[in-house]
Amino acid sequence: MRLIAVQTQCNEASLVDERPSPFGWPERHRVLVSAAVLAALPAVAPHPALAINILIYGLFATGFNLLFGYTGLLSLGHAAFFGAGAYGCGLAIVALHLPWYAAILGGIAFAALAGAVIGGLAIRTSGVYFGMVTLALAQCLYFIFYQWTSVTGGESGLRGVSVPAIDLGPLHLSLLDPLSKFYFLLFFVVLALAAFSRILESPFGAVIEGIRENENRARASGYALRSTKWMSFVLSAAFCGLAGALNTIHLGIVSIDTLFYTTSGTVVMMTVLGGMGTYFGPFIGAALFLCLEDLTTNWTSHWQLIAGLIFIACVRFFPAGVWGSLLERIRK
Amino acid sequence: MGDVSLGLLELQFLTGLALGCIFVLVATGLTLIFGLLNVVNFAHGAFYATGAYLGVFAFGLTGSFWISLVAVPLGMAALGMAIEKFLLRPLYGLDPSYPLLATFGVGYVLVELIRILFGTDGIPFSAPGAFRGSVLLGDISFPRYRIFVMCATVALLTALWLFIEKTSYGLIVRAGAKSPEIVEVLGVDTSKVWLLVFAIGTAVAGLAGFLAAPMRGVIPEMGVNVLIEAFVVTVVGGMGSLAGAVIAGLAMGVIISITSFFAADFSNVVMFAIMAAVLLVRPQGLFGRLDAAR
């Protein structure tokens, strides 16, 4: 009984993207608008590395948001897919000597595969159980990669994944130049955002939001709950895998920390901070989180304490997140 | 040779039982809090670590293991009460993921506070004098301290069981878990019941951390793995089932211990494989009810 009351209240809190926006144009062309906003990042960010991180973690949080914000499933193991994408891409370059574009695809494929397995197990449970199972299985992947030193480099990570330059016909891009690298990565992020927007507008997008709002009603309406949730999980993992692959291209190394549970925590924090279930919220959350981290690490090494406190305050007082609350305010 | 390996196997089995006791204690607190408050406490691992540090700190002040053993649950219960009252209570009306997220944040803060107060390197802590050394059990020698941990776990579980099953307060707790509205209508202040249960869960987690300290070391991140192990135990045993937590916890400890003896590389992964197998066959866990998993 308590649960039912709980659910209706929660739905109100997460109802952000439902009503048509008074700003019809930006809503209809949200991919273009968000691409334009992201393209302006290097001009505002204090340094290019921060802008690149906002791109990568924003995409990571967007992928996580498909499952958490739109399907209503709280996974606490999404580091697995970011890490799988990162290792998949890195190993494709280091071990298989594949070109960068195949490596990125390899990263996405590996993350989707990990998502298919972990998601396949986790969706057999639901509610709070789901979070525990995803966290445990993600940690399992962490242990496997940690111990498989001959392939993954173990504790010291995977090194030597260098992609110095991109040659596409007449186009020559040096990734040693931070700005070129930013726009190179932006290209993939915008592609992903377009795909993401398309998924949300599709019937599938309507079904996952229906599952989030009322699982029993969705089941009664004849939707196959398990396969829909599983599909959403795999798609979410693939987006996060792309983010991980881009992170490998960006850094040239894969740290074992990408698979650690703190990475899962970071993406949850970013999404909640920005606003779950909103299209652009995860990018706002990633930007705020990374800027705060950038500022505070200058004067304290205990950044996690501040992150935790901000996160608690956000959950307690701002459950819709910064961007989500703003949208609610505008729409009223 | 047969004799030696049999003895080693027995030793490994007993070591696993002692490890399993720690799992059982952590999973019991988790299950207790979930069963009544419907909150998955992601700060449970941090409570475990905090308990260990609190105990080591109290031991440093008083020099007495027994005083520390009393101070840890008391201190942890106070901490748990504060967190329940000021942080979780306002979130009860919302979606279950909000209290879960809040405890997640609490975990971050506690671990970082430990790092600030005690450093990142970890503290050496060994069993008190009375428990050093080993006893001969048949033809194997087994550390005394681990026997103490097993006895303490049995005592604690018995006390918890008596409290929940045999006292009138326990009756209210069980009724409150089933139907808070009816208990409220009967004139019981359920908020006090929530507070008490969260405090007990926190105290048990802290005590488990302190008991494990001489066995598994004291570092700020000690709670992470144990939390995940406890999750696996809870999922395998069945959410909300105390008997499931006990049986799955002991079994998991023994399995990990035996695997680390025969195939050390797989000892970290074996419990996840078991969890995956259980999920495939019985998603609600071995002793769980189907409705608890939904």
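Across the range A:277-291, which residue is nearest to A:ARG30 (Cα to Cα) among those that are modelled with pLDDT of 90 or more and within 14 Å of chain B (Cβ to nearest Cβ)? Per the stated criteria, the residue is A:GLY285.
Taking the residues in the range B:81-92 that are within 19 Å of B:GLY35 (Cβ to Cβ) and not hydrophobic (A, V, I, L, M, F, W, C) as candidates, determine which candidate is surrounded by the fewest Cβ atoms within 10 Å (Cβ to Cβ).
Once the filter is applied, the top-ranked residue is B:ARG89.
Among (1) assigned to a helix (DSSP H, G or I); (2) under 20 Å from the mean Cα position of the chain (by Cα); (3) among the aromatic types (Phe, Trp, Tyr), there is one condition B:PHE261 misses while meeting the rest; what is its number? Unmet for B:PHE261, out of (1) assigned to a helix (DSSP H, G or I); (2) under 20 Å from the mean Cα position of the chain (by Cα); (3) among the aromatic types (Phe, Trp, Tyr): (2). When A:SER264 is tested against (1) within 11 Å of another protein chain (Cβ to nearest Cβ); (2) surrounded by fewer than 23 Cβ atoms within 10 Å (Cβ to Cβ), just one condition goes unmet, and that condition is (2). Could you go through the range B:267-276 and let me know if any residue there is modelled with pLDDT under 85, on the phi < 0 side of the Ramachandran plot and touching a Lys or Arg at 6+ places or on another chain (Cβ under 9 Å). So far as the range B:267-276 goes, no, none of its residues is modelled with pLDDT under 85, on the phi < 0 side of the Ramachandran plot and touching a Lys or Arg at 6+ places or on another chain (Cβ under 9 Å).
Quick grid of which residues meet (1) touching a residue at least 40 places away in the same chain (Cβ under 8 Å); (2) crowded, with 24+ Cβ neighbours inside 10 Å; (3) under 21 Å from B:PHE148 (Cβ atoms):
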| site | (1), (2), (3) |
| --- | --- |
| B:ASN38 | yes, no, no |
| B:HIS44 | yes, yes, no |
| B:TYR53 | yes, yes, yes |
| B:VAL56 | yes, no, yes |
| B:GLY60 | no, no, yes |
| B:LEU69 | yes, no, yes |
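Any chance you could count how many residues in the range B:142-168 are free of Cβ contacts under 8 Å to residues at least 12 places away in the same chain and among the hydroxyl-bearing types (Ser, Thr, Tyr)? Number satisfying all stated conditions: 3. Taken over the range B:209-228, the criterion of being open to solvent by 10 Å² or more (accessible area, probe 1.4 Å) and either of a type in the set (Lys, Arg) or assigned to a helix (DSSP H, G or I) (or both) is satisfied by B:PRO214, B:MET215, B:ARG216, B:MET222, B:VAL224, B:ASN225, B:LEU227.
Condition check ((1) touching a residue at least 24 places away in the same chain (Cβ under 8 Å); (2) in a loop (DSSP other than H, G, I, E, B); (3) touching a Cys at 6+ places or on another chain (Cβ under 9 Å)) across all residues:
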residue	(1), (2), (3)
B:PHE198	yes, no, no
B:ALA203	yes, no, no
B:ALA230	yes, no, no
B:VAL246	yes, no, no
B:ILE256	yes, no, no
B:PHE272	yes, no, yes
B:ALA276	no, no, yes
B:PRO283	no, yes, no
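A:LEU176 passes every criterion in (1) surrounded by 13 or more Cβ atoms within 10 Å (Cβ to Cβ); (2) free of Cβ contacts under 8 Å to residues at least 60 places away in the same chain; (3) over 30 Å from B:LEU101 (Cβ atoms) apart from (1).
Looking at the range B:114-124, which of its residues are facing another protein chain (nearest Cβ under 7 Å) and either closer than 19 Å to B:VAL226 by Cα or of a type in the set (Asp, Glu) (or both)? Across the range B:114-124, the qualifying residue is only B:ARG115.
The values are calculated or read from the model by the stated rules, or taken from the named source; none is laboratory data. Given the structure is predicted, the values throughout are model-derived calculations rather than measurements. When we count neighbours, we look across all protein chains shown, and the Cβ atoms used for this are built from the backbone with ideal geometry, even at glycine. Surface accessibility is based on the protein's heavy atoms, side chains included, excluding ligands, DNA and RNA. Shrake-Rupley method; radii C 1.70, N 1.55, O 1.52, S 1.80 Å.
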